[in-house]
Amino acid sequence: MLSALCILSTWLPYSPDAIVLDNPWQWTGMAIRLAIQLHLHENETYSRLEHPGRARRMWWYLFINDTMQTACCGRPGMFPLKTSVPLPVPSDFKNPDLGSRVFCQLAYLCTDLRKVLDLARVDKTTPEEVYPLLETLGLQRQVWPLEMQLFDTGSRQPYSRPVVELHIFYLVTVILTCFLGRQHNPSLFKYASMTASSCVSRLYEEILYHEDVRYLLPIHSWANLIAGIPRAFSDSETLNQNRDEELRISKQVLEIMSEKHTSAAFVLDKINSLNNMRTDAFAAQADNTWGTLPVPGQMQLAQLFPFPLSFCPMLGLLRTAETSENQPPDALLSLPMDSSDWPIDWSFFLFDGPMSF
């Protein structure tokens with residue numbers, strides 16, 4: 001029964017704005033409640049099971065699914081706040097392979113995403129709080145084994161869709177973290193979110209080339225939407241000269257996905273609307289923080305993106321911006337600027353906002 005509910009939670013037959021019970025959030029909630037009734041949130045339970053690894057995988061799959069849906073739909077998370085079950089390990093799988101190891105790392109990544117979601121509810125986060133979150137994300141990515149890295153000393157690793165998907169959700173988490181406390185954050189967070197958005201586009205381009213879009217679950221519609229926000233609200237072509245190409249990639253992915261998932265068509269309309277909007281359509285924030293320098297002594301944001309410039313040209317702009325950290329503010333004048341520095345509240349698009357699912 002629990003396995004069936006887990007499978008049902010991957011399917012979204014209706015548009016996300018339809019009010020129906022047949023939706024992933026409903027099935028995930030039922031699965032979590034059943035899992036709690038089975039005491040799967042207690043580690044002691046697994047010693048009494050015939051297949052503890054299988055049950056533990058389902059438990060953490062529900063955590064991943066619940067976290068993603070909380071981020072996507074803005075609905076309250078249903079996963080227990082406290083659980084004594086250790087995070088999954090490859091030995092929980094009968095025949096561990098690259099996909100199973102990616103699953104384990106995705107569970108770790110979602111623990112960080114859950115922290116971002118908790119902070120986003122209040123959205124009073126300071127740069128001093130955001131930098132440690134980004135640093136944790138970067139350190140976690142650094143310990144991924146070589147088979148889960150995109151590049152090995154500058155050379156592209158063999159294509160693996162699970163690895164590419166893991167990096168997509170890592171970069172989406174970076175974007176969401178950069179948007180925390182937007183009205184107080186330094187401009188480098190804007191550059192970092194734009195870089196992450198550009199990298200996401202390149203990864204989806206690889207999926208397109210390998211004709212793997214048909215295997216993507218509906219949650220990738222949301223990932224495309226998140227990546228589209230920094231792209232849409234950069235109104236300077238100098239900042240991202242490849243913006244139109246990245247938009248084309250995103251649209252192509254969503255068009256293919258829409259043949260199977262109605263949510264993709266819904267997001268495609270959202271992205272078209274985003275790119276047709278002007279930033280002056282939104283109320284300006286109290287402070288314009290374009291020239292704000294990063295917090296002294298903090299990590300270099302470029303470390304979040306261990307990719308060559310040939311993979312993502314936006315990395316060059318981010319690194320240029322970071323080299324201005326110890327220079328006088330006048331040095332920033334040579335950097336390309338937007339006219340309004342995104343005078344929007346990021347929650348307008350996420351977490352129960354009018355533009356969210």
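Coordinate-derived values only; no laboratory data. Here the structure is a predicted model, which means the values were calculated and not measured. When we count neighbours, we look across all protein chains shown, and the Cβ atoms used for this are built from the backbone with ideal geometry, even at glycine.
Which length gain, in nm to one decimal place, applies between HIS51 and SER3 when the Cα-Cα distance is subtracted from 0.36 nm times their residue separation?
16.0 nm
Which lysines have a Cα lying under 29 Å from the Cα of LYS124, excluding residues fewer than 8 positions away in the same chain?
Answer for LYS124, where 29 Å is the Cα cut-off: LYS82, LYS115, LYS190, LYS270, listed by chain and number.
With N residues in region 1-93, what two-decimal value do you get for its Cα radius of gyration over 2.2 N^0.38 Å?
1.10
Quick one: net charge around HIS210, please, counting Lys, Arg +1 and Asp, Glu -1 for every other residue with C-beta under 14 Å from its C-beta.
-1
Given the C-alpha centroids of region 146-162 and region 183-223, what is the distance between them in whole angstrom?
Cα centroid to Cα centroid, the span is 17 Å.
I want the local charge near VAL89. Using Cβ-Cβ distances under 14 Å, sum +1 for each Lys or Arg and -1 for each Asp or Glu among the other residues.
+3
Sort SER197, SER155 by Cβ crowding within 10 Å, fewest neighbours at the top.
In increasing order of surrounding Cβ atoms, one gets SER155, SER197.
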